[in-house]
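What follows is a single structure, written as structure tokens, with notes after it.
The values are calculated or read from the model by the stated rules, or taken from the named source; none is laboratory data. These numbers were taken from a predicted model, which means no experiment stands behind them. Backbone-built Cβ (ideal geometry, glycine too); neighbour counts: all protein chains shown. The area values use the complete protein model at the heavy-atom level, side chains included, leaving out ligands, DNA and RNA. Shrake-Rupley method; radii C 1.70, N 1.55, O 1.52, S 1.80 Å.
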Amino acid sequence: MSEAVANDAMEAGGTEGVVDDWSRDKQVFGVPWGKAMMWIFLLSDTFIFSCFLVGYMSVRIATTDPWPLPSEVFALTIFGHSIPLVLIAIMTFILITSSGTMALAVNMGYRKDRNKTFWLMVATAVLGASFVGMQAFEWTKLISEGVRPWGNPFGAAQFGSSFFMITGFHGLHVSAGVIYLLIIAFRVKNGFYEKRGGNYEIVEIAGLYWHFVDLVWVFIFAFFYLW
Amino acid sequence: MAAEGQQHPLKVYYLVWLLLFVVSFFSYMVDYLHLQGTLRWTLILVFMFVKAGFIVAIFMHMQWERLALKIAILGPPVAILVLIWLMSLEGIYIEDTRLEYYGDSTMEPETPHH
């Protein structure tokens, strides 16, 4: 209802549309308030992750010790062959797969196909949980090799603190996302939103969060693991 | 449009999904093939921005939002470029200072607890 009111004046596009949207003395953004709030939250989260990554950049520039080679530190030996970064690559593909299932869940939500939405969201959450599991494995491996926040056997001491801080905070986001997705999925299934006018925007809002987690991983993968 | 929510043909999602897989594979190949130097960094950044762009534009539906929302959300992160610039200057300065006062890293005494 409120969306319809918000949208009735939204005809102009381009820069003229921007001026119109901001000067209407009404809701500025032509989206449900929950979605606008999620976007603003994600914007703030963007700054948090940027600060971590920029912090990592500056300690990596400032150190006089050689930086440990991620390609070797994160290599795994499978069937006698050492494959560089293989677990990280698998984790990347898992997260992309989960992003795809989430995008489909959002689409099915708008089609009011509750059953498909539920199962796609559960699939997304399961993939997310397996991502966290692999990260736990990665942490265990590195800790057993002597990587600590204050030092490690491979090179610059700042490697450990950057690694644990960045991947830890991201893993926390994935874990929170898994819980969030499951809550919404079960509400979709048991008809919670049918009682509220059959509006499934919430699936899209949850999807925004999930895609953001994938987005952050794209940057971590590029800057921490590949650089 | 926006009143009925973001509904788009499934084909778009499948296409972007496939593309993300292919580009991720390419960026993994950058490491696997041991590319070095400017080529490596350029490819890493190009693949990263392609992936990020498709996720934001298609999966997060930003492409179909109004310009007012696009500017409000995508504009502020540009400020991060200033932070990157300042912190890289700072990092270089600290490294120079360390080299000047502590000399080569191999001569530096172990200081595990700062």
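When only Cα pairs under 8 Å and 6 or more residues apart are kept, what is the percent relative contact order across chain A?
With pairs under 8 Å counted, the relative contact order is 24 percent.
Across 5 Å bins from the origin, how do the percents of Cα pairs in region A:131-184 run, short distances first?
5, 20, 24, 21, 13, 9, 5, 3, 1
Could you give the accessible area per residue of chain A, probe 1.4 Å, as a whole number in Å²?
42 Å²
Which shape class, rounded, prolate or oblate, goes with region A:55-98 when its Cα gyration tensor gives a ≥ b ≥ c as root eigenvalues, a/c under 1.5 marks rounded, and past that a/b bigger than b/c marks prolate?
Working: a/c = 6.54, a/b = 1.51, b/c = 4.34.
It comes out oblate by the Cα gyration axes.
Could you work out the local net charge near B:His34, counting Lys and Arg as +1, Asp and Glu as -1, over the other residues with Cβ closer than 13 Å to its Cβ?
Neighbour charge sum, excluding B:His34 itself: -1.
Which of the listed residues, A:Val28, A:Ser50, A:Thr15, is farthest toward the dipole's positive end in region A:5-96, when Lys, Arg count +1 and Asp, Glu count -1 at the beta-carbon?
A:Ser50
Between region A:178-227 and region A:38-117, how far is it from one alpha carbon centroid to the other, in angstrom?
So the separation of the two Cα centres works out to 15 Å.
Between B:Trp64 and B:Leu89, what is the label-to-label distance in nm when each label sits 7 Å out along the Cα-to-Cβ direction?
Spacing of the two 7 Å Cα→Cβ label points: 4.4 nm.
Within 10 Å of each Cβ of A:146-157, how many other protein chain Cβ atoms are there on average?
Numbers: counts 0, 0, 1, 0, 4, 4, 0, 0, 0, 1, 1, 4.
Other-chain Cβ atoms within 10 Å of each residue's Cβ, averaged: 1.
Full extension from A:Lys189 to A:Asp65: what is 0.36 nm times the residue separation minus their Cα-Cα distance, to one decimal in nm?
39.2 nm
For the protein assembly as shown, what is the mean residue ellipticity at 222 nm derived from helices alone (per DSSP H run of n ≥ 4: -39500 (n - 2.57); sum divided by total residues; nearest 500 deg cm²/dmol)?
-23000 deg cm²/dmol
Can you find, among A:Gly207, A:Ile220, A:Met121, the residue sitting farthest towards the positive end of the charge dipole of chain A, where Lys and Arg contribute +1 and Asp and Glu -1 at Cβ?
Farthest towards the positive pole: A:Met121.
Using a 1.4 Å probe on the protein heavy atoms, what percent of the accessible area of the protein assembly as shown belongs to carbon and sulfur?
Details: 11780 of 16780 Å².
Here it works out to 70 percent.
When you look at the Cβ of every residue in A:99-105, what mean number of other chain Cβ atoms sits within 10 Å?
Mean inter-chain Cβ contacts per residue within 10 Å come to 5.
Which residues among region A:52-74 fall inside the zone where the amide N is under 17 Å from a point 7 Å beyond the Cα of B:Glu100, along Cα→Cβ?
Counting only backbone N, you get A:62-64.
What longest range of chain A stays clear of loop-exposed trypsin sites (Lys or Arg not before Pro) (DSSP non-H/G/I/E/B, at most 14 other C-beta within 10 angstrom)?
Numbers: sites that count: A:Arg24, A:Lys26, A:Arg111, A:Lys112.
That would be A:113-227.
Find the lysine pairs in chain A meeting two conditions, Cα atoms under 30 Å apart and a separation of 8 or more places or different chains, and report how many there are.
Eligible lysine pairs with Cα atoms under 30 Å apart amount to 11.
In debye, nearest 20: dipole of the protein assembly as shown around its Cα centre with unit charges on the Cβ of K, R (+) and D, E (-)?
Once rounded to the nearest 20, the dipole reads 1280 debye.
Going from most exposed to least, what order do B:Leu19, A:Leu142 have by accessible area with a 1.4 Å probe?
The residues order as B:Leu19, A:Leu142, largest area first.
Just to make sure I understand: if all protein chains stay in place, what is the order of A:Ser44, A:Ser162 by accessible area at 1.4 Å, largest first?
Sorted by accessible area, descending: A:Ser44, A:Ser162.
Taking only C-alpha pairs under 8 Å that are 6+ residues apart, what is the relative contact order of chain B in percent? Kindly include the intermediate steps, with their values, before the conclusion.
Working: 30 pairs, mean separation 25.5, N = 114.
The normalised contact order for chain B reaches 22 percent.
Only helices at least 27 Å long along their own axis, judged from Cα atoms, and with Kyte-Doolittle mean hydropathy of 0.5 or greater: name those in chain B from DSSP H.
B:10-32, B:80-102
Under the Kirkwood approximation applied to all pairs of distinct alpha-carbon atoms, what is the hydrodynamic radius of the protein assembly as shown in Å?
The Cα-based Kirkwood calculation yields 21.9 Å.
Quick check on region A:91-149: take the gyration tensor over C-alpha atoms, sort the square-rooted eigenvalues as a ≥ b ≥ c, and tell me if it's rounded (a/c under 1.5), prolate or oblate. Please report the intermediate quantities before stating the final value.
On the way: a/c = 5.13, a/b = 3.76, b/c = 1.37.
Note, shape of region A:91-149 comes out prolate.
Please compute the volume of the convex hull spanned by the alpha-carbon atoms of region A:98-208 and report it per residue in Å³.
Values: hull volume 9.9 nm³, N = 111.
For region A:98-208, the hull spanned by Cα atoms encloses 89 Å³ per residue.
Can you run phi through the Karplus equation (6.51, -1.76, 1.60; θ = phi - 60°) for region A:79-93 and list ³J(HN,Hα) in whole Hz, with x for Gly and Pro?
6, x, 10, 8, 10, x, 6, 4, 5, 5, 5, 4, 4, 4, 5
With a 1.4 Å probe, what is the total accessible area buried between chains B and A, in Å² rounded to the nearest 100? Write out the running numbers ahead of the final one.
Working: alone 9930 and 12280 Å², together 16780 Å².
Its buried surface, counting both partners, is about 5400 Å².
Using a 1.4 Å probe and counting only protein heavy atoms, arrange B:Leu67, A:Leu76 so the residue with the most accessible area comes first.
From most accessible down to least: B:Leu67, A:Leu76.
Please compute the Cα-Cα pair-distance distribution of region A:30-129 with 5 Å bins starting at 0, giving whole percents from short to long.
Histogramming region A:30-129 at 5 Å steps yields 3, 10, 10, 11, 17, 15, 12, 9, 7, 4, 1, 0 percent.
Considering chain B as a Gaussian network with a 10 Å cut-off on Cα pairs, which listed residue, B:Ile44, B:Ile92, B:Ile55, attains the greatest mean-square fluctuation?
Of the options given, B:Ile92 has the highest mean-square fluctuation.
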